[in-house]
RNA sequence: GGCGCUAUCGUCUAGGGGUCUAGGACGGGUGGUUCUCAGCCAUCAAACCGGGGUUCGAAUCCCCGUAGCGCUACCA
């Protein structure tokens, strides 16, 4: 029997980091085993489900490059793939369970249930359904059905305590006693299935073989196993991956900043970097290899190597992984991504031509951990005349002879026969030699004058990128300011 | 409270009885290299939650404790 797995998000928000990792593990397991990856939308909670969320989740999946074999937009032979469209299946299974005495109608109202729960808690008891509707006679049921609102359907759990256990791929054997469970609701008063019931019916009818999900579902598993048993169906294999935590050790949430995968794209993280980092969060191939492309993961991923401990989401490692992927991109691809990112933020530099763009991205070089870093590192061409940072100026103003040297450099550049990197470098170094100072004595002031910073990409590329006239202008402007403000200026 | 899951450097992890004076990576420190920064190279510091067992021998197996997290709805 071939492997069939599913990722089943409920459309109540965007695709968050935890969901993305669950999706990734399902996807990778399917690819690694030659199985099928199904995407199913669990939208039975009408209150919270929205179409916008469905779209956001699909967009997140696409951004990551996780293509589903069956599901929304692509269809498949086990559809529909939205739970709200699978109502007939739930009705059918519910009717069967009720007919076989494995489920019964419950007429208790939510208010009554809530009141009893409160009382139980007050008495120090566990809040569990007391089973009062389980023993109603057929006549009573018929009478109450005729008079009141539609009842909920409850699962008639086994009366005798029994062990409900499974061999979890990531945790080994997990077991519960059925006595801790109560007669939970299968179908709500509005006729829609609850999560546990819909989940089982869907996994069953979609022929899902492996259920890979977050460990927040671990305590739902015994309920679901009981439903499979009542239905006389085979139980799928379970694998519960751990939660992803924030730096404070709490479950990752909005409080921790960006949690939707696409928000990381806005932060300049590549899908490749996100995928790689997510894979590493709870999984390791051998403890040594840690850089993978999606294609490589598809070959080497093994569910057995998923680690059961909760993992803390570390942004610094994410950025490092991202930097590695950025570095491995083909140059043309890297240029396209950096310029595309900047263009989306109002800095469309692409009109300056291929040579300029390539030189620009080469100049940024290894300084980018994320695409967003280009906004900062490349600021010297993004702004008309970058302001000089205070501490950079403080240093420049204390440098003897800086002003005159900047003017001299400007003149050299203006008089240059050809505006090329080698020519700019020769002119700059030549000037330093003639002046009898180290190249740094010309370069450092020039860097501050042209970029406004003490740290920036190589000065020759910077000058070339800024352009001859604008560069000379910035050099002269800084020189004039030096002349006016430096205690070392002649005549000061 | 009950039930469950988890427990190796700050973080992600390797380790599945001896090869562990516990390895790798991120981050951090130091040195080198380049016009600065970044990068790269070298190098340093940094962990088996506690207590009992089992065993000739435990980071590895078992039990207890502790801590963190999850669930405890007619949410998913």
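The values are calculated or read from the model by the stated rules, or taken from the named source; none is laboratory data. Given the structure is predicted, the values throughout are model-derived calculations rather than measurements. As a convention, Cβ positions derive from the backbone with ideal geometry for all residues, glycine included, and neighbour counts pool all protein chains shown.
Structural remarks
- Residue in region A:82-98 that is modelled with pLDDT of 95 or more and not in a helix (DSSP H, G or I) present: yes
- Pairs with Cβ under 6 Å, 6+ apart, first in region A:171-189 and more than 11 Å from residue A:223 (Cα to Cα) and in contact (Cβ under 8 Å) with a residue 24 or more places away in the chain, second in a loop (DSSP other than H, G, I, E, B) and within 7 Å of RNA strand B (Cβ to nearest atom): A:171/A:308
- Search result, residues across region A:338-360 that are closer than 26 Å to residue A:292 by Cβ and crowded, with 17+ Cβ neighbours inside 10 Å: A:338, A:341
- Per the listing A:50, A:44, the residue uniquely within 14 Å of RNA strand B (Cβ to nearest atom), surrounded by 22 or more Cβ atoms within 10 Å (Cβ to Cβ), more than 18 Å from residue A:214 (Cβ to Cβ) and in contact (Cβ under 8 Å) with a residue 24 or more places away in the chain is A:44.
- Restricting A:126, A:161, A:130, A:167 to residues that are touching a helix residue (DSSP H, G or I) at 6+ places or on another chain (Cβ under 6 Å) and under 26 Å from residue A:221 (Cα atoms) narrows the list to A:161.
- Residue that is nearest to residue A:394 (Cα to Cα) [pool: residues in region A:430-452 that are in contact (Cβ under 8 Å) with a residue 12 or more places away in the chain and near RNA strand B (Cβ under 10 Å from one of its atoms)]: A:448
- Qualifying residue in region A:393-409 (condition: surrounded by 20 or more Cβ atoms within 10 Å (Cβ to Cβ), within 14 Å of RNA strand B (Cβ to nearest atom), within 27 Å of residue A:267 (Cβ to Cβ) and modelled with pLDDT of 95 or more): no
- Scoring residue A:102 on the criteria (1) buried (at least 18 other Cβ atoms within 10 Å of the Cβ); (2) more than 30 Å from residue A:147 (Cα to Cα); (3) away from RNA strand B (no atom under 16 Å from the Cβ) leaves a single failure, condition (2).
- Here residue A:64 does not qualify as more than 13 Å from the chain's Cα centre (by Cα), in contact (Cβ under 8 Å) with a residue 60 or more places away in the chain, under 25 Å from residue A:209 (Cβ atoms) and more than 14 Å from RNA strand B (Cβ to nearest atom).
- Considering the conditions (1) assigned to a loop (DSSP other than H, G, I, E, B); (2) more than 16 Å from RNA strand B (Cβ to nearest atom); (3) in contact (Cβ under 8 Å) with a residue 12 or more places away in the chain, residue A:77 is excluded by exactly one of them, (3).
- Any hit, region A:466-475, residues being assigned to a loop (DSSP other than H, G, I, E, B) and within 16 Å of residue A:390 (Cα to Cα): no
- Enumeration of residues in region A:105-128 that are part of a loop (DSSP other than H, G, I, E, B), surrounded by 12 or more Cβ atoms within 10 Å (Cβ to Cβ) and within 6 Å of RNA strand B (Cβ to nearest atom): A:108, A:109, A:127
- Sole residue being away from RNA strand B (no atom under 16 Å from the Cβ), in a strand (DSSP E or B) and either crowded, with 21+ Cβ neighbours inside 10 Å or without any contact (Cβ under 8 Å) to a residue 60 or more places away in the chain (or both), chosen from A:29, A:37: A:37
- Some residue of region A:130-141 being within 42 Å of the chain's Cα centre (by Cα) and surrounded by fewer than 19 Cβ atoms within 10 Å (Cβ to Cβ): no
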